[in-house]
1. Failed condition for Lys411, given (1) touching a residue at least 60 places away in the same chain (Cβ under 8 Å); (2) in contact with a strand residue (DSSP E or B) (Cβ under 7 Å, 6 or more places away or on another chain), with all others met?
2. Scanning the range 192-206 for residues that are of a type in the set (A, V, I, L, M, F, W, C) and either closer than 11 Å to Glu128 by Cα or at pLDDT 95 or above (or both), which turns out surrounded by the fewest Cβ atoms within 10 Å (Cβ to Cβ)?
3. Assigned by TED's automatic domain parsing to the domain that holds Met418, in contact (Cβ under 8 Å) with a residue 24 or more places away in the chain and touching a Leu at 6+ places or on another chain (Cβ under 8 Å) - does that describe any residue in the range 197-207?
4. Would you tally the residues in the range 306-321 being in contact (Cβ under 8 Å) with a residue 60 or more places away in the chain, closer than 19 Å to Thr251 by Cα and polar (S, T, N, Q)?
5. Considering (1) within 21 Å of Val402 (Cα to Cα); (2) without any contact (Cβ under 8 Å) to a residue 40 or more places away in the chain; (3) not aromatic (Phe, Trp, Tyr), say which one Lys298 fails and leave the rest.
6. Would you tally the residues in the range 135-158 being of a type in the set (A, V, I, L, M, F, W, C) and either touching an Asp or Glu at 6+ places or on another chain (Cβ under 7 Å) or not in a helix (DSSP H, G or I) (or both)?
7. Restricting to the range 240-274, and then to whatever is out of contact with any His (no Cβ under 7 Å at 6 or more places or on another chain) and among the charged types (D, E, K, R), can you tell me which residue is surrounded by the fewest Cβ atoms within 10 Å (Cβ to Cβ)?
Amino acid sequence: MFLPLEKKKTLVADCSLLSNIHTKRNIEKEVRITLLQMQRLTVALVAASLLVASSHATRYHVLQDAPRKLRVIAQVNDVVPLDFTDPSVVITGEFNETIMQTGWYTLKLTSNGNYSDEDQAYAAGYFEGIVSSLPAQQHYLNHYTGNPVPDNINQWLAQHIVWVEGQIQANNATDPYWHQVGLMWSQFYGLLDGINQEATLQNFTAVQLLALTAMGDMFDLEAALVPSSRYRADWRSMKKKDFDHWFAKNTHCSSLYKVTDDLSDIFFGHAAWYNFNTMVRIFKHLTMNYNDVMTVSKTISYSSYPGMLSSFDDFYLTNTGINAIETSLEVFNLTMYEGNINPQSVLYWTRVMIATRSATSAPDWATTMAKYNSGTYNNQWMILDLSLFTPHKPLLPNTMWVCEQLPGIVKSRDVTEMLRYGYYPSYNVPMDEELFVWAGYAETVAVQGPEMNDYQTCVRAEIFRRDQGKVKDLESFQHIMRYNDYEQDPISNGNPLYAIASRVDLDPEQPQCFGALDAKISSYSLWKAGQSIVTQSGPTQQQPVFEFNNTLAPDCGLHAGIPEVFRFGWYTQQP
């Protein structure tokens, strides 16, 4: 519920639930909704999804009357907007409900640096929760309908919360790293309270919301802790196509960095792969004016999902020129989890935001990301430092680093020399030869063939190697990031999975609602022109436009709040 500023009425939420950095907060028992209850919610969810089709942008202000007592006020057009000259304004923001028109919600917010870092973080989360409450509920139910979180993982998450809060309380005042962790958790609790303030479909416990915001971490938690998990399937005995589909659904994404031939620009892009019923998309631009010594980048732009504080795709671009992108890695060798997955660690979603906000360079980003490695959401990260790039000049050392994480180990190195040859690709396979063997990739290639997971000869490696030289400008880079010509391309061999932008829904034998969800693209020149990112939502349109009501896939699952047809153009995102 939002009240216009001109009516001078306010919605006051008593958020004084947290004290001593939330250590006294009770970890509520996980409330599980049965499949029958989920099915009964479907009608309500679909009906509610019609409410988010508004195409306008609304500006808001978050006012703080006292610690944890906030008012969210909608700005009307004919009223002079508030700004930080009003000392009660802690957040100004904008929420664009354009998912039905562009495929994206857009969230923009700026915090008031005159407030404490903790107050800024909590208010930012609270504002996001208030305006995106319905999409967050839809995203949660789309993902977890018929797929409840196992009890032992709920217990693990609860133990993690207790440990993290204890570390924050003990170290927040003296350790800048733990101060940053505390800010992420203040933002988390603000998000929780904001979502629940406006909830109509379900209220969240802290554990439930953590299962959503830590969705990437959940993949490895299930693989490590749940013997019956699909992430632990017997891949050695699978048929070839079954293995390829299983591997693709367990990993995500294609990415490419490309230097133009004349060294005038660097393009970088990412295509997220996942289930199509997760396409409740939101692009975020957060300007957090923290006062602590670790905050280097004030503004971070990134693709994301409602109810999640990190990207999860992942794609980030900061005002200081740090770009971070990942493609995820599979842990075939399950012994790597032994002794390396415990609640006394910092989950990916927290570490990546701290690394991105605090990085002074690409190697600095990698060092911070490696701290308190949880061994969950294991990825190959590419970190580009645009501040070191000068058009038409040789690439300097440390311009680009790669950071690869597996349970118990993180290895990083400068790959600028590789980029000097023109490009750097990423496709869910470790570059480091030792990690390639330790994670079990070498064995999978021997058993199942190289098409999906050999570093040099997998399908995407071959397509990138063949076609990267065709990239001359933004349009040609857009083409390669949306590329799927599986019926004509001999490398694809008639398989719609074997492409940069996969479309498994088009598989004539085993269609599934899975594939590339989007494309996010930027470059040095776009960053200089206002931190711009060019985006397209939905499966690639090089193939027939995806429609939920007209697909070969037999079951796309609940997809509330998601457009029925993905015929969207390219849209530029800016803070």
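The values are calculated or read from the model by the stated rules, or taken from the named source; none is laboratory data. Computed from a prediction, not measured in an experiment: that's the story for all the values here. Note that we place each Cβ from the backbone using ideal geometry, even for glycine, and neighbour counts take in every protein chain shown.
1. For Lys411, the failing item is (1).
2. So the residue we want is Ala199.
3. no
4. Residues in the range 306-321 being in contact (Cβ under 8 Å) with a residue 60 or more places away in the chain, closer than 19 Å to Thr251 by Cα and polar (S, T, N, Q): 1 in total.
5. With (1) within 21 Å of Val402 (Cα to Cα); (2) without any contact (Cβ under 8 Å) to a residue 40 or more places away in the chain; (3) not aromatic (Phe, Trp, Tyr) applied to Lys298, the lone miss is (1).
6. 2
7. Asp261
For (1) within 20 Å of the chain's Cα centre (by Cα); (2) crowded, with 21+ Cβ neighbours inside 10 Å; (3) modelled with pLDDT of 95 or more, each residue gets a yes or a no:
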residue: Arg503; (1), (2), (3): no, yes, yes
residue: Leu506; (1), (2), (3): no, yes, yes
residue: Phe514; (1), (2), (3): yes, yes, yes
residue: Ala519; (1), (2), (3): yes, yes, yes
residue: Lys528; (1), (2), (3): no, no, yes
residue: Gly538; (1), (2), (3): yes, yes, yes
